[in-house]
Amino acid sequence: MSKIPDREELRNVISSRGLAMTVEEAEKLAGYVDRMPTPLEFHLFDTMWSEHCSYKSSKSVLNTLPTDSPGVVIGPGEDAGVVSFCHQDGIEWDLVVAHESHNHPSQVLPVEGAATGVGGIVRDVYCMGARVTGSMDLLRFGDPEGSKGEATRGIVRGVVEGIWKYGNALGVPNMGGDTEFHPGYDDNCLVNVVAFGVVPHDRIIHSFVPEEAHKEPYVLVLTGKPTDNTGFGGATFASADLDGEQGMGSVQVADPFLKRVLSEANQAVLDMLFEKGVKFGFKDLGAGGIACVTSELAAHGGLGIDVDLDAVPVSIKNLPPEVIACSETQERYGLAVPVSVVDDILSVYNEKFELPRLFPNCRAAVIGRFNSKPVYNVICRGENVAETPINYITEGVVYQREECPMDNAAPEPAQRPCDPSKDLTRILTSISGCSRKHIWSYYDSEVQGVTRLRPGEADSCVSVPVEGSRAGLAVSGDGNPWYGELDPFLGGAHAVGEAVRNVVATGATPICATDCLNFGNPEDPKAFWQFKQAVAGIAEACNALGFSGGDYPLPIVSGNVSFYNQSTGGKAIPPSPIVAVFGKIHDHRKATDIVLRKEGNLVLLIGTRKDELGGSLFYRTCLGHHGGTVPTFRGSLEKRMADWILGVIHDRRAYSVHDISGGGLAVAGAEMALASRKLGIEFSLDSNPVTLFSETPGYLVEVDSRFVEDVTLPEFVSVAGKVCMGCSVSGNGWSVDLESLRKEWSDKLASVIWREEGV
Amino acid sequence: MPRAAVIRFPGSNCEFETARVLRNSGIDARIYNWNDIERLSDNRADAYVLPGGFSFQDRIRAGVIAARESIMDLVFEEAVNGKPILGICNGAQVLLESGLVPGWKPGSVQAALAGNLAPGRSGYLSGWIHLKAAPEAVEKCPWLCAMNEEPIPVPIAHAEGRFVFREEDLDRVMSHIGLTYCGVDGSAPHGWPGNPNGSLLDVAALMNADGNVLAMMPHPERSFHLWQVPPDMQGPWGDMRRNSSMKDLEDQPGPGAIIFKSLAKYLGVE
């Protein structure tokens, strides 16, 4: 091997190999190995030090998020977060949650990109030992009718297709999510994916080689799809600005069929290992492929490893060693196991589940041996292709980025003319305010047979994931780009607030949250300031909305940062903090939906309306204005409202509940009526834009007419109206017949976005 | 206790909930891998279910590869023996591709499940539809024998669920119809969306001549409990769902339970 290279030589390698690392980072690497690094070492460190894997710009800010609460089993740091969920038949069940972005791949290859997004996030949950019981997609697209409308529509259709083709075949029920359109995503869509599952507490598996490997020989078994050259450089691609169609080769190719078979085979292997009482490590292959999984399993267990690339099953011959080691071929897992059980493991994968028959050269194979020498050593065709002190690989890098506040004093509209009937109609038939049902109709939300409330039936989807238990799991993901654009702090705070309300509205108590933070280039001080603001907003909301008693916050247990969401020529996306909240309802039979139940019932308004319509659907749709005053985040009031709602639902006094967010009170009421089909609401409130359309956080709750006699209403609760026959909403001087709007409300999305398919 | 075998192929994904609802119906259900032939052959079941999913990735056509797996020889044999056999969704596709349904010419494909035909869309479609049983099917099909003329709401979730037949077969197919799509009141659906995929004759489930083999596209295992029925469902099942007490929500069977209740009745479960 050669002498230490100079900067010029390193710069040449970086440019000829298309690496993302800086010359300074390359110098650091050369210093580590004390020579010119090998191609494999360059690519391995390029991945490990990419923004995507290292969080080098964000780490110092993320440390400010609250992560501690009594129910937390594993906080941020491993592949997924874990919180305790329920006890059933003597077993303690935990909930495993993960949240990630797959933005760049979905922009350039929507079907494959979105499919791989689902495939990647479910692996993070599977590899903790859990069964995956649901997934959710938080989607942000450009303006489907704007200057880049045709491209945007193609991306929306492709992303939806990728999600259904993968998720439906995998057999993981889709628990909805949300979809927003904003011209700021014209060049860079967002595909954020959430997955979750359940695992018995004593069967959580860690992603490192266990201590026992210091005493007896352990090997690394690689299982799944044979390695090819797909996704080579994927993490690096995710960590740079988008430049046209460049990077297509970095997009991975997903195979839900293999994943499905592998999941069952994995489960059989894990069952066997637990039965034998063997200690083992288990990790999925994602960014950085074999190189990352082998080095991380070893390094986090305090060992070194010898990897033999010639033992890796491949589907393409004569791949260069760095491609075999670093490609991001999907549907693969690595196991760190004692030599004594290897034959049994290989027989489950290769014989019982016949992997080699299902896909050419798909199989489990031993590709490495752990040892006590702390070196990451890789052999290919008899040659050493990497030899690095192993602790350097996982050490990481940290940068302090500069920040520069943006000018966020946007003006309010000078006048606010309002015709409630016309304005409500306009909102419900706009692309932002119409039903998302067409998207959900492609998704299988009911496979596994545990779904209690599907997308659109309630504010969050609810499932009953533990067999024999009545414990219900409610999930919602939110984030309003229009708020984020005007005020990233409030964008972050309300992302938490709305997701909490959606979970609470079904009767579930929030137990944890995950976040995916989507921003522009962190080297741009304005983008980095936005990021810090949003994180501060999330932290404030989480600190205010803890439900575990004491001063405990709502803990963030997992998440992801996605920077560089901008095209090389265009603007960065609106600051897009997206938050998912998970709630537990002790008895799923109490879960509440948005369907109005009974004529004559009262509709209560929780949360006094305030004049704060900045970013609102009303301003955007009816006035063509963004406004400036985003709703204030009132943490302690949000908490008191949530506690009150949970009490009413727990007492079985709430017939239906809907949170007030996008579109305000009028839209919330209309959505309840549309869901009920036969009933509506007569509001007895002032007919002004603030009352009807302000997005001040709150709820509408249907109760029987005796409720106000039985219960002393707190100051934030008032009577808003009553349930009437006929699918309509009305107020003083206005009325909208929703039945006649139903078709347009439910078909609008299809008629705009699927128009090329002839809708 | 009577026994049912749920046969999973590589890519099946509804085997667990299918086995679960069978057990809930008083039937001992076990899951067998496609290559568990010996184990199953030595220990035959009283009924067989091919669950939903994407066997062999829907390569070539949905169900076509699974239909040629060796374990299907055993299923074929048991079909001839008169054992109840049910294919749900992808399982139905396998039964058609194996020639067991409608079964006019053993081993030969006589009908097909084609891509959904729905206005303005292609690909997958999920949603709840209503079904009703053909009177003749109630007489002879062990999977439908507890049904009456009331329509039941059940979800569908498929991309290729359109039953198609040769024109010359349209007459003789009538006696093979198990379930048809219908309106909430049991009336003919008159096309989309009551008939969600463009199936000829509104067929949702088709039988062999003896009625012991049933290929159905909708998923009865997903509407097994009353709590699984959507809260905005129209008709009597929706009213029952919305007005149920907490106890009923849990204890009352859902509309799809009748399929498994039929089997239990046929097998003499008390």
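The values are calculated or read from the model by the stated rules, or taken from the named source; none is laboratory data. For clarity, every value in this text was computed on a predicted model and none was experimentally measured. Glycine also receives a Cβ, built like all others from the backbone with ideal geometry; neighbour counts cover every protein chain displayed. Surface accessibility is based on the protein's heavy atoms, side chains included, excluding ligands, DNA and RNA. Shrake-Rupley method; radii C 1.70, N 1.55, O 1.52, S 1.80 Å.
For the charge dipole of the protein assembly as shown, defined by +1 on Lys and Arg C-beta atoms and -1 on Asp and Glu C-beta atoms about the Cα centroid, which residue among A:443, B:206, B:148 has the Cα displaced farthest towards the positive pole? Positive-end residue among those listed: B:148. Counting Cβ atoms of other protein chains within 10 Å of each Cβ in B:52-60 and taking the mean gives 4. From the cross-link list A:678/A:722; A:259/A:437; A:590/A:678, which pairs have alpha carbons spaced over 18 Å apart? Violating the 18 Å limit, Cα to Cα: A:259/A:437; A:590/A:678. The equivalent ellipsoid that matches the C-alpha gyration tensor of the protein assembly as shown spans semi-axes of 43, 40, 25 angstrom, in descending order. The calculated 222 nm mean residue ellipticity attributable to helices in chain B amounts to -6500 deg cm²/dmol, summing -39500 (n - 2.57) over DSSP H runs of n ≥ 4 and dividing by all residues.
Under 20 Å of direct C-alpha separation, and excluding same-chain neighbours fewer than eight residues apart, residue B:261 reaches these lysines: B:83, B:132, B:140. Considering only A:707, A:160, A:367, the residue lying farthest towards the positive end of the dipole of chain A is A:707, judged by Cα position with unit charges set on Cβ. The order of the peptides B:162-170, A:550-558, B:256-264 by mean Cβ neighbours within 10 Å, most packed first, is B:256-264, A:550-558, B:162-170. Here is how the number arises for chain A: DSSP H runs of 4 or more residues each give -39500 (n - 2.57), the sum is divided by the residue count, and the result at 222 nm is -9500 deg cm²/dmol. Peptide B:119-131 is shielded by partner chain Cβ atoms: per residue, an average of 5 of them sit within 10 Å of its Cβ. Rounded to the nearest 20, the size of the Cβ-charge dipole of the range B:3-266 about its Cα centre is 360 debye, with Lys and Arg at +1 and Asp and Glu at -1.
Using r as the Cβ-Cβ distance of residue A:409 and residue B:245, and R0 as 45 Å, what FRET efficiency do you calculate, to the nearest 0.05? After rounding to 0.05, the efficiency reads 0.25. Bridgeable lysines around residue A:317 (alpha carbons under 21 Å apart, same-chain partners fewer than 8 residues away excluded): A:225. With the highest mean first, a sort of the peptides B:76-83, A:698-705 on other beta-carbon atoms found within 10 angstrom per residue produces A:698-705, B:76-83.
Inter-chain Cβ neighbour count for A:145-152, averaged per residue, equals 0 (cutoff 10 Å, partner chain atoms only).
Compared with the dominant Cα axis of chain A, that is its longest principal axis, helix A:149-170 is turned about 70°.
Among A:721-731, B:242-252, A:91-101, A:163-173, sorting by the average number of other beta carbon atoms lying within 10 angstrom of each residue, highest first, gives A:163-173, A:91-101, A:721-731, B:242-252.
Relative contact order, whole percent, for chain A stands at 15, derived from Cα pairs under 8 Å and 6 or more residues apart. Rounded to the nearest 20 debye, the dipole size of the range A:388-503 about its Cα centre is 540 debye, using +1 on the Cβ of Lys and Arg and -1 on the Cβ of Asp and Glu.
Here the contact order of the range B:1-131, divided by its residue count and restricted to Cα pairs under 8 Å and six or more residues apart, works out to 21 percent. Computed about the Cα centre, the dipole magnitude for the range A:490-619 is approximately 320 debye when only Lys and Arg (+1) and Asp and Glu (-1) carry charge, each at its Cβ. Quick one: angle between helix A:256-276 and the longest Cα principal axis of chain A, in degrees between 0 and 90, rounded to 10, please. Orientation of helix A:256-276: about 70 degrees from the principal axis. For the range B:3-266, the residue among B:34, B:258, B:193 whose Cα projects farthest onto the positive side of the dipole built from Cβ charges is B:34.
The residues of chain A have, on average, 33 Å² of accessible surface per residue, using a 1.4 Å probe with all protein chains present.
Stretching the chain fully between residue A:17 and residue A:343 yields a gain of 113.4 nm (0.36 nm per residue, less the alpha carbon separation). With contacts taken as Cα pairs under 8 Å and at least 6 residues apart, chain B reaches a relative contact order of 19 percent.
The value for the range B:3-266 of Rg(Cα) / (2.2 N^0.38 Å) is 0.93.
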